[in-house]
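The next block holds one structure in the form of structure tokens; read it before the comments.
The values are calculated or read from the model by the stated rules, or taken from the named source; none is laboratory data. Just so we're clear, the structure is a prediction, and the values are computed from it rather than from any experiment. Keep in mind that these areas ignore ligands, DNA and RNA; they rest on the heavy atoms of the full protein, side chains included. Shrake-Rupley method; radii C 1.70, N 1.55, O 1.52, S 1.80 Å.
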Amino acid sequence: MTLLVVATGNPGKLREMQAYLENSGWELTLKPEELEVEETGETFAANACLKASQIAKVTGNWAIGDDSGLQVDALNGAPGVYSARYAKTDSERIARVLRELGNEVNRQAQFVCAVALARPDGAIVLQSEGICRGEILHTSRGNDGFGYDPIFYVQELQLTFAEMTRELKGSISHRGKAFAALLPQLYTLSSSES
Ligand code: IMP
């Protein structure tokens, strides 16, 4: 099996990514902890490409990168690519979004995830994007997941992301959709590589 370096340092995202890529035909390995890629892109896709490409070049292996975040309609898409940097901790980030939304009636929002696969020379060979629509609650609900999960409510399931099992969240989430879209091509590539 060919080695695939996963370009993330976020343990919550890593657990989800490992589950999605378990049967992808690639042998997954984590990026070296000291390798940090600055997310200077203005879109999720640009940041996913930056991460995959730089980690591939530095390690000399295939690499997969993702970038994701929350976009709140009434906040003109904020926090967007700044989701991870919106405040110091998850609870402070949630508090900031709730403060900025106030009593706004339109609480529509979406999570977006972009994924990119880079060859060992850094060239991007595959890209995908997944979106999951939901609503921002007035207060947190649920104890699982990470990030903005406790305030992101999915109407069809009547649950927040933080109230879902990992499997259920993965079946409808932005990240689940982005990885599912990539899997068939990842299989094909892995068989031509090995
Ligand atoms: P990234 O590591 O640059 O992709 O940052 C993504 C940030 O967006 C995370 O740190 C979270 O704050 C937020 N985020 C992305 N995906 C999720 C999710 O599935 N649940 C909750 N928060 C998420």
Q) Measuring with a 1.4 Å probe in the full set of protein chains, what accessible area per residue, in whole Å², belongs to the chain? A) 49 Å²
(Q) What three numbers, in Å, describe the spread of the alpha carbons of segment 1-124 along their principal axes, ordered from the longest? (A) 52, 27, 23
(Q) Give me the percent of accessible area attributable to carbon and sulfur for the chain, probe 1.4 angstrom. (A) 49 percent
Q. Pairing the Cα long axis of helix 44-59 with the longest principal axis of the chain, what angle in degrees results, from 0 to 90 and rounded to the nearest 10?
A. 30 degrees
(Q) Give me the mean projected area, in nm² to one decimal, of the convex hull enclosing the Cα positions of segment 57-194. (A) 9.5 nm²
Q: At 1.4 Å probe size, with no ligands or nucleic acids counted, give the accessible surface of SER190 in Å², nearest ten.
A: 10 Å²
Q. When all protein chains stay in place, what accessible area (Å², nearest 10, 1.4 Å probe) is found for THR40?
A. 100 Å²
Q) Could you give the angle, 0 to 90 degrees to the nearest 10, between helix 11-21's Cα long axis and the longest principal axis of the Cα atoms of the chain? A) 60 degrees
Q. Nearest-5 percent of antiparallel DSSP beta bridges in segment 2-193?
A. 75 percent
Q: Please report the relative contact order for the chain, taking Cα pairs under 8 Å with a sequence separation of at least 6, and give it as a percent rounded to a whole number.
A: 21 percent
Q.
Nearest 10 degrees is fine. How inclined is helix 90-101 to the longest principal axis of the chain, computing both from alpha carbons?
A. 50 degrees
